[in-house]
Amino acid sequence: MSYSVEWSHCRPTPAAMFAVYAIPQGIPVGDLPIRGIGSPWPPEPLPGCLPVLIASDSTGMFGHQCPTCQGYWRTRDGGKICPYCGYESEAQYLLLTEAQRRYVKEYCGMLASVLHSGQPGKYSIDLDAVADAVGKSHPKPAFYYAEERQQNLFKCAACGEVNDVLGTFAYCSSCGTRNDLQELEKTIQQIRDRANAGGPSNGCVRDAIAAFDSFASQYAQQLVARVPLTPAHKSYLEHAHFQNVEATTVMFREFFDIDVLSGLNEEDIAFTTLRFHRRHVYEHRGGEADEKYIQDSGDPVRLKQALREDQESAHRTANMVKKLATNLHMGFHNIFPPIEEPIKYHRRRERERQRRRTQG
Ligand SMILES: [Zn+2]
Ligand SMILES: [Zn+2]
C-alpha cells in the first residue's frame, strides 16, 4: 500500500525535527536523515519500517541519552558523542531517551491504526496528540515540551554546536572537542579583569594556578578512563594533583607523550614553576614563605618573608597557565582526535559570514 505522512503541531515554539525508522512494534532501528523537502528518503533498514518524526523541545533542542554511562544531555543539531564519557555512537537512534522511545512506540501505534483503516492516501499525524497520548500512561513526555535544562549550555568553540550538559566540563557531542579550554579561558579572563581592576595580585596568581589544577584533573580523569594503563600508572594518576609543574610535566610526558611545556622558554618555565610553588603559600600561609616553599622552590627568601605578586606577574601567570592548558588540550586531542567534518563545516560557514560582513 502506498501512503504519505504529513505532520502538524500547534505549539507556538521552535519546531526542529529529526526522524528515525522504527519497526511497526515501535522499536527504533535506524536513522532517517531529513535532507529537505522533496529529497528522497534513505532506504529502510528493515522491510516494513515506519518513519517516525520526533520534534525538538520548546527551545529547539533534542535530548539524548548515552547507552554506556546513561548520561543525559541536549543538543541543537544532534551529535553522536557522549559529552560525559566520550562514547561515540554509530547512529542517532541509539541515543534516544526513554521518553523519546515511548513516544516512538505511541507514534507507531497511531500510524499503524490509520494505515490499517485500509485506504491508500495521505495521512496526517498530530504530534501533539502523540505526546499527549504518551502523557496519559507515563509522566508527561518532558522532552517534547521543554526538556530539562542542564547546567552548562555552551557553544563548542571548534564546531559551533550548542550543547547543554550536566556539570561544566564535557566533550562536544558533535565533534568531540573538550570544552575545558574554552571554560578555562573564561576563568582566566575573570582573573585578568580582577588584576586590571587592581584586585590583589597574589589572589590572581593563586586562582590561575588553581584553575590549571582542576583543568588538568579533567583530562587526567578522561585519560584514566579511556587509555589502557598499568595499575601503577592508573593509581598514580587517579590520586594526582597538578600543583607542581615538574611532576605534572613528567607525568603527562611519560604516560601519554604529551608535552605540557611545549613552546615555553627557560625563563617562562622558571617563572611558572615558581608560581606553582607559591600557590600553596598564598592559599595556606597567608603569603608568608614557609620552610617547605623555600626548600621546594629554591627561592632565596627568608622564612616568613611575605611574597608579593604584582599586576604584571598576575597577567604573566595567566598567560602561562593558558599555554600549559592549550598544550595539554592539544596533546589530549592528538590521542582522541575530534571529528573533523563539523569543524570544517563551521569554519567554512564562519568564513562565509565574515565575507558577507566585510562586503557590507
Ligand atoms: Zn556516556
Ligand atoms: Zn564541537
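Residue by residue, here is whether (1) within 16 Å of ligand 1 (Cβ to nearest atom); (2) farther than 27 Å from Pro338 by Cα; (3) of a type in the set (A, V, I, L, M, F, W, C) holds:
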| position | (1), (2), (3) |
| --- | --- |
| Asn179 | yes, no, no |
| Ala195 | no, yes, yes |
| Gly198 | no, yes, no |
| Asp207 | no, yes, no |
| Ala211 | no, no, yes |
| Gln221 | yes, no, no |
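Going residue by residue through region 255-270, is there one that turns out to be part of a helix (DSSP H, G or I) and closer than 22 Å to Gly86 by Cβ? Let's see the steps before the verdict.
First, the residues of region 255-270 that are part of a helix (DSSP H, G or I): 255-256, 266-270.
Then keep just the ones that are closer than 22 Å to Gly86 by Cβ; that gives 255-256.
Yes; the residues of region 255-270 include at least one that is part of a helix (DSSP H, G or I) and closer than 22 Å to Gly86 by Cβ.
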Exercise for the section: Take region 277-295 and flag every residue that is of a type in the set (Asp, Glu), surrounded by fewer than 16 Cβ atoms within 10 Å (Cβ to Cβ) and closer than 20 Å to Phe212 by Cβ. Expected result: none
Completion exercise
With the first residue restricted to region 64-76 and required to be free of Cβ contacts under 8 Å to residues at least 40 places away in the same chain, and the second required to be within 14 Å of ligand 2 (Cβ to nearest atom) and part of a loop (DSSP other than H, G, I, E, B), Cβ contacts under 6 Å at 6 or more apart or on different chains are Cys66/Cys82
Problem - When residues of region 283-331 are limited to those that are without any contact (Cβ under 8 Å) to a residue 24 or more places away in the chain and small (Gly, Ala, Ser), the one farthest from Gly199 (Cα to Cα) - result: Gly298
Problem - Within region 154-197, considering residues that are surrounded by fewer than 23 Cβ atoms within 10 Å (Cβ to Cβ), farther than 21 Å from Leu324 by Cβ and in contact (Cβ under 8 Å) with a residue 12 or more places away in the chain, the one farthest from ligand 2 (Cβ to nearest atom) - result: Asn196
Fill in the blank from the handout: Filtering region 77-117 down to residues that are out of contact with any strand residue (DSSP E or B) (no Cβ under 7 Å at 6 or more places or on another chain), over 30 Å from Ala225 (Cβ atoms), of a type outside the set (D, E, K, R) and without any contact (Cβ under 8 Å) to a residue 60 or more places away in the chain yields Ser113, His116, Ser117
Practice task
Taking Ile81 as meeting all but one of (1) more than 16 Å from ligand 2 (Cβ to nearest atom); (2) within 23 Å of Ala220 (Cα to Cα), write down the number of the exception.
Solution key: (1)
Practice task
Any chance you could count how many residues in region 328-360 are part of a helix (DSSP H, G or I), among the β-branched types (Val, Ile, Thr) and within 29 Å of Phe252 (Cα to Cα)?
Solution key: 2
Problem - Verdict on His277 being touching an Asp or Glu at 6+ places or on another chain (Cβ under 6 Å), assigned to a helix (DSSP H, G or I) and modelled with pLDDT of 95 or more - result: yes
Practice task
Output the residue which, of all residues in region 85-120 that are of a type in the set (A, V, I, L, M, F, W, C), within 16 Å of ligand 1 (Cβ to nearest atom) and in a helix (DSSP H, G or I), is nearest to the chain's Cα centre (by Cα).
Solution key: Leu95
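How about region 198-210: which of its residues are surrounded by fewer than 22 Cβ atoms within 10 Å (Cβ to Cβ) and either part of a helix (DSSP H, G or I) or polar (S, T, N, Q) (or both)? First the steps, then the outcome.
In the first step, residues of region 198-210 are kept if they are surrounded by fewer than 22 Cβ atoms within 10 Å (Cβ to Cβ); the result is 198-201, 203, 210.
Result: Ser201, Gly203, Ala210.
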Exercise for the section: Could you figure out which of (1) in contact with a Ser or Thr (Cβ under 9 Å, 6 or more places away or on another chain); (2) farther than 25 Å from Pro337 by Cα isn't true of Val260? Expected result: (2)
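The values are calculated or read from the model by the stated rules, or taken from the named source; none is laboratory data. All values derive from a computational prediction rather than experimental measurement. Note: ideal-geometry Cβ built from the backbone for every residue, glycine included; neighbour counts use all protein chains shown.
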